[in-house]
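Inspection log for the structure reproduced underneath, given as structure tokens.
The values are calculated or read from the model by the stated rules, or taken from the named source; none is laboratory data. None of the values given here were measured: they were computed from a predicted structure. When we count neighbours, we look across all protein chains shown, and the Cβ atoms used for this are built from the backbone with ideal geometry, even at glycine. Just the protein is used for accessible areas: all its heavy atoms, side chains included, with ligands, DNA and RNA removed. Shrake-Rupley method; radii C 1.70, N 1.55, O 1.52, S 1.80 Å.
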Amino acid sequence: MQALSFAVHIPLVCFGIAFPAMVMFVEWLYLRTGDELYRTIARRWTRVMVALFAVGVITGTILSFEMGLLWPNFTATFGSVFGLGFAIEGFSFFMEAIFIGIYVYGWDRLSRRAHFLSGIPIVLSGFTGSLTVISVNAWMNHPGGFRLVAGKAVDVKPWKALFGNTYLWHELVHMYIAGYIVTGFLVAGAYAVARLRGRWGRYERTALAIPLTIAALASPVQVLVGDWAARDVAHHEPVKLAAFEGLGKTTRGAPIHVLGWYSDGDVKYGLRIPKLLSFLAFHNPNATVKGLDAVPARDRPPVNGVRIAFQTMVGIGTLLALLGVFYVFIRWRRGRVPDSPWFYRAVALAGPLSLVALVAGWVTTELGRQPWVVYGTMRTAQAVTGAGGIPVGYATLALVYAGVIAAVFWILRRLAAAPLPAVAEEV
């Protein structure tokens, strides 16, 4: 149930992180140039931002209830450790809601400068709200800031646990760049589809170029951040890294296997690249990498599930990075977007693929931590509810989300079909 809720909510988090900043950037272009086209784009994107925020309220509220209902022992034991994070997230949510209302209704009621300034708290609260949730997840992967005595957390230091955690920073940067990649490619993909259908006026060209440029610049950077994250995982969660690569035995000069299936302590049918895992994890091709044999079998995650999610994330991320590099190169050399219909097909496909990579990334980090809900401290089996009726709740939740997704699709179609002002229809 929680996995389903995360899969629905996390794409909305990406828009909460990145989309307000994109809208404000376009409004800043309007203030700087006086070009009404930018104002048109910013106002239309504002309507999308509001619709997605409203849906995020629904999914976020469900997640909040699930934390207590599905994981009672986890919240009872460690609520004093991570509760501060969710409290700050709650304040951030209310701040975001207040200023979204001001921003939406202030387009024709505030001065240009005042309206632009009213968007800054939206960007900041989107940052602080997601920061605190990511800090809780980082703490679950690398716990600290407390002592466990007789099954109870004592000597709790919430600030140290959440924000003094070195594991936080790679998760934070990785997620924020992912937010701009997902949002950028999804928004650009909508206009790429319009281009393939023959709508290619000045509005579509401009509305595609801005998010696509942002996503194209972010996607190659994500490859470097992914390397940073993998090295942190190698240091703090070596068993998770072993599951990523299907490394059954502790190995000096460990290889990487591309694709393949883990069985009997080794990867079958994969493309073996010698010593690459040691080099990527420790920048030393002869470094020793801990394998799954470093812990008992009961402390190992489901290897093939983790490997498939990890390789899906890395594979799609690499393709998106290559697409971004190609776009930036063509834009730099020719001063315009590419002409080929295949390029726009690739951009249209990049949006859904970025969502798949996003969800696969969260499956990787959460499934790779198993069987622990708090790494090395509390098992998932100890944390989860023993209540009955879960299948009924799961079915109900799935129906609710199906209805929400259908409603969002209908709303976005209505917004897209709204007529453009004359200035935006100029060729």
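For Rg/Rh (Cα atoms, Kirkwood Rh), the listed values are (i) 0.99; (ii) 0.96; (iii) 1.12; which was obtained by calculation from the structure presented? The calculated read-out lines up with (i). Hey, if you put +1 on the Cβ of every Lys and Arg and -1 on every Asp and Glu Cβ in region 217-387, which of A234, V306, L320 ends up farthest toward the positive end of that dipole? It is L320, whose Cα lies furthest towards the positive end.
Which whole-number percent is the relative contact order of region 96-182 (Cα, under 8 Å, 6+ apart)? Taking the mean separation of contacting Cα pairs over the length of region 96-182, I get 23 percent. The modelled label-to-label distance for the pair R112/M67, using points 7 Å beyond Cα in the direction of Cβ, is 4.2 nm. Across the chain, C-alpha contacts under 8 Å between residues 6 or more apart give a mean separation that, scaled by the residue count, equals a relative contact order of 19 percent. Looking at region 142-270, the accessible area is 44 square angstrom per residue; that uses a 1.4 Å probe and ignores ligands, DNA and RNA. Compute the acute angle (0 to 90°) between the alpha-carbon long axis of helix 72-105 and the principal axis of greatest extent of the alpha-carbon atoms of the chain; round to the nearest 10°. Taking Cα atoms only, the helix is inclined about 10 degrees. A straight chain from R32 to W332 at 0.36 nm per residue would run longer than the Cα-Cα distance by 105.7 nm. Which angle from 0 to 90°, rounded to the nearest 10, does the C-alpha axis of helix 202-236 make with the longest principal axis of the chain? Its long axis makes an angle of about 10 degrees. Counted by Cβ distance under 13 Å from A254, the other residues give a net charge of +2, where Lys and Arg count +1 and Asp and Glu count -1. Taking a Cβ cut-off of under 13 Å around G119, the surrounding Lys, Arg, Asp and Glu residues balance to a net charge of +1, with basic ones at +1 and acidic ones at -1. Each residue of region 178-185 was assigned a 3J(HN,Hα) from its phi angle through the Karplus curve 6.51 cos²θ - 1.76 cosθ + 1.60 (θ = phi - 60°); the sequence is 4, x, 6, 5, 5, 4, x, 6 Hz, with glycine and proline shown as x. Here, region 217-387 is characterised by an Rg to Rh ratio of 1.05, where Rg is the alpha-carbon radius of gyration and Rh the Kirkwood radius.
Which of A207, A398, S219 sits closest to the plus end of the dipole of the chain, meaning its Cα is farthest towards the positive end, when Lys and Arg get +1 and Asp and Glu get -1 on the C-beta? Going by the Cα projections, it comes out as A207. The angle between the Cα long axis of helix 120-141 and the main principal axis of the chain comes to about 10°, on a 0 to 90 degree scale. Neighbours of A209, meaning other residues whose beta-carbon lies under 10 angstrom from its beta-carbon, give a summed charge of +2 when Lys and Arg score +1 and Asp and Glu score -1.
At a Förster distance of 22 Å, what's the computed FRET efficiency of V400 paired with A87, Cβ-Cβ distance as r, to 0.05? So the FRET efficiency works out to roughly 0.25. Near the amide H of M378, within less than 5 Å, lie the amide hydrogens of V373, all on another chain or at least 5 residues away, with H placed in the peptide plane.
Taking trypsin sites (Lys or Arg not before Pro) that fall in a DSSP loop and have at most 15 other Cβ atoms within 10 Å as cut points, what is the longest piece of the chain between them? That would be 1-108.
The share of accessible area on the chain that comes from carbon and sulfur is 68 percent, using a 1.4 angstrom probe. Subtracting the Cα-Cα distance of I390 and W200 from their residue separation scaled by 0.36 nm leaves 63.5 nm. Charging the Cβ of each Asp and Glu at -1 and of each Lys and Arg at +1, and nothing else, the dipole of the chain about its Cα centre rounds to 680 debye.
Taking label positions 7 Å along the Cα-Cβ direction at both T166 and V104, the computed distance is 4.5 nm, reported to one decimal. Shown is the FRET efficiency for F409 and V149, computed with R0 = 45 Å from the Cβ-Cβ distance and rounded to the nearest 0.05: 0.30.
Our summary gives region 217-387 a relative contact order of 23 percent, counting only alpha carbon pairs under 8 angstrom and 6 or more residues apart.
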